[in-house]
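Engineer: Handing you this structure, nothing more for now.
The values are calculated or read from the model by the stated rules, or taken from the named source; none is laboratory data. Model, not experiment: these values are computed from the prediction. Because the Cβ atoms are built from the backbone with ideal geometry, glycine has one as well, and the counts that use them run over all protein chains shown.
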Amino acid sequence: MPREDETRANATPGEDASLTLAAASRAKADAYLDEAIKLVRLQTQQIEGSERFEHFGHFSAVMKAVFEGAVALLVLAVIGAASLMVWTAAHDNGLLITPFSVPQDMVARGLTGQVIAARILDQLSRMQKETKSDRAPTSYAHDWGHDIRVQIPETGVSIGQLYAYLSRWLGHQTRISGEIFYVGANQIAVTAREGTQTSRTFTGPSNTLPNLLSNAAQSVYAATQPYRYAVYLFNTGHLHKAEAAYRDLIASGSTIDRAWAEIGLEVIYEERGHTRRAFKALRAALAIKPGFVIAYGNLAALEGQLQHDEAALRDQRKFIRLLKGSTQDDLLPLARKGDLIQAEGVLASDLGNYQAEIVDNQRLEAMPSLSGLTSRENARMNNILAYAWLHDPAAVDAAIKALPLSHNAEQILIRRAVFTLADLVLHRDASALAERNQLDAGLTGLGPAGREVLERQFWPYVAYALAREGQGAAALKLIAATPLDCVDCLRMRGLVDATLHNVSGANYWFARAVQDASHVPFAWTDWGAARLRNGDIVGAIAALRQAHQLAPHFADPLELWAEALIAQNRSDLAVRKFVEAARYAPNWGRLHLEWAEALMWSGHKAAARHQAAIAAHLFLTPSQYRRLRLLEEHL
């Protein structure tokens, strides 16, 4: 085969040109092929690299999504905050005090407009604390409650200014402004107004600025919270001003303000002892607002204080039904709860269920009180009397000993009256009668209300004690001074006559008492006791049975019924009544003494000795102690 150089040497000129072109094309092809190989290698490396870093691309996508989500959440948060601001502004019922306009020389002394506004705020906050009412804030047409604040001046556009604009536009915010200016050489004037409403201007010497600010604050309170202002006046002892404020509300207030204002008038009249006017105000409140819960509660309390037992029982039951079933929003939840506990305790007392009353009083005493210590003190006094009605003098004395010390003269007087009434119930007559003159003077000094307590709650029991002590003439004179529209007065008239052996007189008064309070057990019980004493066993059992049906947890009818059964020579049946009565008055000495005698006559001497031992550790009158000694000799 010829070599390449030989071929070239033997070639013709045309052939030489073709060979040259072929050589050049092959060189380009080789170069192109080299470039293509490089490109393929680079692409291969890129693919391999992308495979190695593929997870970094996924991370980048995730971060992008997180960023976008964060932006979305931020936008939602901004929208939510704006919506909340609009909603809050639309429901803003607070009070905003703007800085007052004050003279420059006062500003130089540090009494800036903001300082004056802060002092007005302090006065309003103080009055708010002294305004105690069971009425729910939601029942007020314009309630700014405890939301009182001073506006702080701001410069430029701010979130605070935006909120203030929204509150004025959408809400019900009360805005107070005002000014202080000179009206003479040493005379200043203070004006505080709500919105654009005109207001009183108070003037005086410059050194009376605190008093002028206090007057201005009161004018703001009266204009913006008229019902609360009337309550504030009552709570601070300004009864005449409070009465006028309530009357203004009745003349021009809303329906609910008018109803509550009548309640305010009723409390004032009751404080003064004007019971007829108090009843009239309560009836007016119910006419304005039928089913008004607080009106029925006050009505039941007033009827109870006057010893209108049947009406008190009826209204107390109505009050409890309304408290349990009403959904109206004009009574504070805490007040509703406390009122229900108190009402159930009073109802238990009205039906002789004193153990239940004590439990309710203890629950009430443990509750936070809306009216300071008043409800706690009332609960303690009611329990002292409940222990007395349970014939448990040891518990009475322990409850008295446990009372907190008091330095309030009126409270001390009321306590002494309760202690004395407890002694009268327990027939501790000597100590009770020794207190009579001082209590008469003290309660009379309280005015018509105190006189009412004497005539209806104290004197009837004093008269019965006088009869027990053999002072018949004094007893008849005192009981005659008590009113006839008072069930306790009628009952004690009957007991006085029964003690003085005036059987027809006793029957007359007991008949009137049960007619006036046919669904209350006490007159029936007294009548049964009087008949038992006079030997009318059948009549006694009939009256005691009626009392027991009305008040199944009242021990007295059961115990007396047992005594009547003993008189019928049915000691076996009497024991059952004693067992039942002891469940409701376990520390009644006389009950255990009579029980021991019934057991002895039934032939159960061991059980009789047990009951006699119990009686020996409980309170017994001197005559009952003598009976116990004779019983022990036979056992």
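Engineer: Checking GLY80 against (1) within 23 Å of ALA217 (Cα to Cα); (2) modelled with pLDDT of 50 or more, which single condition isn't satisfied?
Structural biologist: Evaluating GLY80 over (1) within 23 Å of ALA217 (Cα to Cα); (2) modelled with pLDDT of 50 or more leaves (1) as the failure.
Engineer: Tally time: how many residues in segment 237-283 are in contact with a Leu (Cβ under 9 Å, 6 or more places away or on another chain), touching a residue at least 60 places away in the same chain (Cβ under 8 Å) and either buried (at least 20 other Cβ atoms within 10 Å of the Cβ) or not in a helix (DSSP H, G or I) (or both)?
Structural biologist: Qualifying residue count, segment 237-283: 4.
Engineer: Still on this structure: Could you tell me whether ASP397 is closer than 26 Å to TRP588 by Cα and without any contact (Cβ under 8 Å) to a residue 12 or more places away in the chain?
Structural biologist: yes
Engineer: Test VAL496 against the stated conditions and say whether it is buried (at least 16 other Cβ atoms within 10 Å of the Cβ), more than 40 Å from the chain's Cα centre (by Cα), closer than 19 Å to LEU433 by Cα and not assigned by TED's automatic domain parsing to the domain that holds PHE522.
Structural biologist: yes
Engineer: Could you tell me which residue of segment 362-390 is surrounded by the fewest Cβ atoms within 10 Å (Cβ to Cβ), considering only residues that are modelled with pLDDT of 95 or more and in contact with a Gly (Cβ under 8 Å, 6 or more places away or on another chain)?
Structural biologist: Among them, the one singled out is TRP389.
Engineer: Right, here's the next one. Which of the numbered conditions does CYS489 fail, given that it passes all the others? Conditions: (1) farther than 18 Å from ALA543 by Cα; (2) surrounded by fewer than 20 Cβ atoms within 10 Å (Cβ to Cβ).
Structural biologist: Every listed condition holds for CYS489 apart from (2).
Engineer: Does GLU580 satisfy the criteria of being more than 44 Å from the chain's Cα centre (by Cα) and among the acidic types (Asp, Glu)?
Structural biologist: no
Engineer: Exactly one condition in (1) outside any helix (DSSP H, G or I); (2) over 14 Å from GLU271 (Cβ atoms) is not met by TYR227; state its number.
Structural biologist: Of (1) outside any helix (DSSP H, G or I); (2) over 14 Å from GLU271 (Cβ atoms), only one is false for TYR227: (1).
Engineer: Considering only residues of segment 583-598 that are crowded, with 18+ Cβ neighbours inside 10 Å, of a type outside the set (A, V, I, L, M) and part of a helix (DSSP H, G or I), which is nearest to the chain's Cα centre (by Cα)?
Structural biologist: Restricting to residues being crowded, with 18+ Cβ neighbours inside 10 Å, of a type outside the set (A, V, I, L, M) and part of a helix (DSSP H, G or I), the top hit is TYR584.
Engineer: Could you list all residues from segment 289-344 that are within 16 Å of the chain's Cα centre (by Cα), part of a helix (DSSP H, G or I), over 22 Å from VAL520 (Cβ atoms) and small (Gly, Ala, Ser)?
Structural biologist: Matches in segment 289-344: ALA295, ALA335, GLY338.
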